[in-house]
1. How tilted is helix 26-36 with respect to the longest principal axis of the chain? Cα atoms for both, answer in degrees (0 to 90, nearest 10).
2. Sorted from largest down, what three extents in whole angstroms do the Cα atoms of the chain have along their principal axes?
3. Which residue fluctuates most in the GNM of the chain (Cα springs below 10 Å): VAL28, VAL44, VAL143?
4. Could you give the length gained on full extension between ASN126 and SER25, defined as 0.36 nm per residue of separation minus the Cα-Cα distance, in nm?
5. Based on Cβ point charges of +1 for Lys and Arg and -1 for Asp and Glu, what charge dipole magnitude is obtained for the chain about its Cα centre, in debye rounded to the nearest 20?
6. Counting only GluC sites (Glu not before Pro) that sit in a DSSP loop (anything but H, G, I, E, B) with at most 15 other Cβ atoms within 10 Å, what is the longest stretch of the chain containing none of them?
7. Using a 7 Å offset from the Cα along the Cα-to-Cβ direction at both GLU149 and ILE4, what is the distance between the two label points in nm, to one decimal?
8. Using the heavy atoms of the protein chains alone and a 1.4 angstrom probe, what is the accessible area of segment 1-108 per residue in square angstrom?
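The values are calculated or read from the model by the stated rules, or taken from the named source; none is laboratory data. Worth saying up front: this structure is predicted, and the values here are computed from it rather than measured. We place every Cβ from the backbone using ideal geometry, glycine too, and count neighbours over all the protein chains shown. The protein model used for the area step is the full one, side chains on, heavy atoms only, and it has no ligands, DNA or RNA in it. Shrake-Rupley method; radii C 1.70, N 1.55, O 1.52, S 1.80 Å.
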Amino acid sequence: MRIITGTARGRKLKTPKSNDVRPTSDSVKEAIFSAIQFDIEGAVVADLFAGTGQLGIEALSRGAKFAYFADNSPESIAIIRENIKLCGFGDSAEISPLTTAAFLKKTTASFDIAFLDPPYGQDLINRTLPALTEKMSESGLIVCEHEKEYKPAEICNNFKIRKTYPHGKKSVTIYVRGDSDET
């Protein structure tokens with residue numbers, strides 16, 4: 001697992017020894033960042049269910065201004081800290097050792113881009129979207145990685161699906177604000 005492009009291009013990231021974390025493959029990560037490439041510069045990003053932190057770190061490498069990372073696994077938090085230090089983004093990141101639900105309840109931040117890559121089989125995307133949509137900026141994007149069979153809500157609060165991209169056994173769904181011109 002590596003950073004694909006930007007200021008930390010080519011840096012190899014650490015991964016947990018356990019199988020509890022399912023890192024995003026490079027091909028899916030490339031597809032995600034290709035779809036949102038013009039929205040990253042200067043963005044405030046949330047990497048929720050962060051695992052290794054690779055999506056938030058990739059965004060920082062590509063010019064995001066700041067990234068928030070939330071995960072409740074002590075092993076993941078330690079790895080996120082190492083990966084952020086390895087890439088030199090310590091001043092541009094905040095790490096919260098909380099569940100995503102607790103982080104969203106606590107934070108006062110507003111996000112331009114949020115990444116959701118939760119454990120599969122628990123409907124965590126649909127359960128997280130209501131609180132997350134309240135924390136998104138006017139031009140916010142929510143990027144969800146999920147198993148291909150999973151059906152995320154078509155609309156949640158004022159956000160709707162812009163597009164779903166299939167990638168093998170996974171899919172990536174991007175939400176935008178319902179009044180956005182990006183449909």
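1. 50
2. 39, 34, 33
3. VAL28
4. Extra length available between ASN126 and SER25 comes to 34.1 nm.
5. Magnitude of the dipole: close to 480 debye.
6. The answer is 42-133.
7. Each label point is offset 7 Å from its Cα along the Cβ direction, giving 2.7 nm.
8. Per residue, segment 1-108 has 48 Å² of solvent-accessible surface.
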